[in-house]
Amino acid sequence: MRTIWKHRELFVLFLIAFAFFVVFKYGPLYGVIIAFKDFRIMDGIWGSPWVGLKHFYELFRTPDFYRILSNTLLLNLYLIVFAFPSPIVLALLLHEVKKYAFQRLIQTTMYLPHFVSWVIMAGLVIYFLSPTTGIVNYVLQWFGFKPIFFMGQKEYFRGIVVVSNILKEIGWGSIIYFAALSGINPELQEAATVDGASRWQRIVHINIPSIMPTIAIMFILSLGGFLSSNFEQIINLINPVTYETGDVIDTYVYRVGLQQFQYSYTAAVGLFKSIVGLALILAANWTVLKLSKGESGLW
């Protein structure tokens, strides 16, 4: 109790965050039971009849679900491969910029898109990719290529989602890596420079190993949402032509759950997604602990 009183300000801050998670994250978890019920609004959660695993059987018997699941897996795989390393690369590059004012200017410029809503960002993406007025097609025509209707061809949709995600979030995502780089002991850099190490060698042998625990933790956390997609981004970019490659679990839940009122079925979909995410986090954490010999990991 003396320790708590001594650090009471920190505990008050902790209680605020703890209350937020209890009220908005853990409190509503009781509603997950509608995945095992035939939920009716008039009967309420407890009054609705139990149906066991009926909705899960229905989920795996639905032909569209496997197409949607494959779309989600492929899209998130592309995001892991291309979008996840992008903030790391940006942070490494910014860390090498010696002029403080220029460094801050680049950081501020890269942070700004994060604060723009996906409604606006999607509108800009559609405008830039327009076959008639878009700057991308203008450049293509300048090089002698024919204009491409990017938003009207399903094979381009995943690439558009990945690139727009990188452009919007790369700056914000680099903050934590840049902070980790700032914590590296400068004496390591000085000693390497005295020994004749080039800038590239210092990045490879000092900077990257130093932030590897941070990269590992962020990678583990990103796997927790592997079956989740940025709903706001997808719903603002998708159209009927790109449904075949762009329809993911989140848009499927929105369409079936809210528009068709199949609450229990979509609750089963959400529970399935959460279980897979938990399994991926546990597996990734176990793998990282083994590879790092217990030095990295969430716990």
Report task. Kindly indicate the residue of the range 34-87 that is β-branched (V, I, T) and touching an Asp or Glu at 6+ places or on another chain (Cβ under 6 Å) and also surrounded by the fewest Cβ atoms within 10 Å (Cβ to Cβ) among those meeting that condition. Result -> V51
Query raised in the report: If I148 satisfies every condition in (1) at pLDDT below 90; (2) part of a helix (DSSP H, G or I); (3) surrounded by 12 or more Cβ atoms within 10 Å (Cβ to Cβ) but one, which is the exception?
Result: (2)
Query raised in the report: Would you call I148 among the aliphatic types (A, V, I, L, M) and over 22 Å from F231 (Cβ atoms)?
Result: yes
Report summary line: When every residue in the range 244-264 that is over 20 Å from G225 (Cα atoms) and touching a residue at least 24 places away in the same chain (Cβ under 8 Å) is compared, the one surrounded by the most Cβ atoms within 10 Å (Cβ to Cβ) is Y263
Requested in this report: Name the single residue, out of those in the range 151-182 being polar (S, T, N, Q) and over 16 Å from the mean Cα position of the chain (by Cα), that is surrounded by the fewest Cβ atoms within 10 Å (Cβ to Cβ).
Outcome: S182
Requested in this report: Among the helices (runs of 4 or more DSSP H) lying completely within the range 30-116, list those that include at least 2 residues that are touching a residue at least 40 places away in the same chain (Cβ under 8 Å) and of a type in the set (V, I, T).
Outcome: 63-78
Report task. Only one of these is touching a residue at least 60 places away in the same chain (Cβ under 8 Å), crowded, with 16+ Cβ neighbours inside 10 Å and either of a type outside the set (A, V, I, L, M) or over 30 Å from W299 (Cα atoms) (or both): L237, L271, L227. Name it. Result -> L237
Requested in this report: Filter the range 1-25 down to the residues that are aromatic (F, W, Y) and exposed (fewer than 10 other Cβ atoms within 10 Å of the Cβ), then identify the one that is farthest from A267 (Cα to Cα).
Outcome: W5
Query raised in the report: What do you reckon, is I184 in contact (Cβ under 8 Å) with a residue 24 or more places away in the chain, within 30 Å of F128 (Cα to Cα) and aliphatic (A, V, I, L, M)?
Result: no
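The values are calculated or read from the model by the stated rules, or taken from the named source; none is laboratory data. These numbers come from a predicted model, not from an experiment. All Cβ positions, glycine included, derive from the backbone under ideal geometry; neighbour counts span all protein chains shown.
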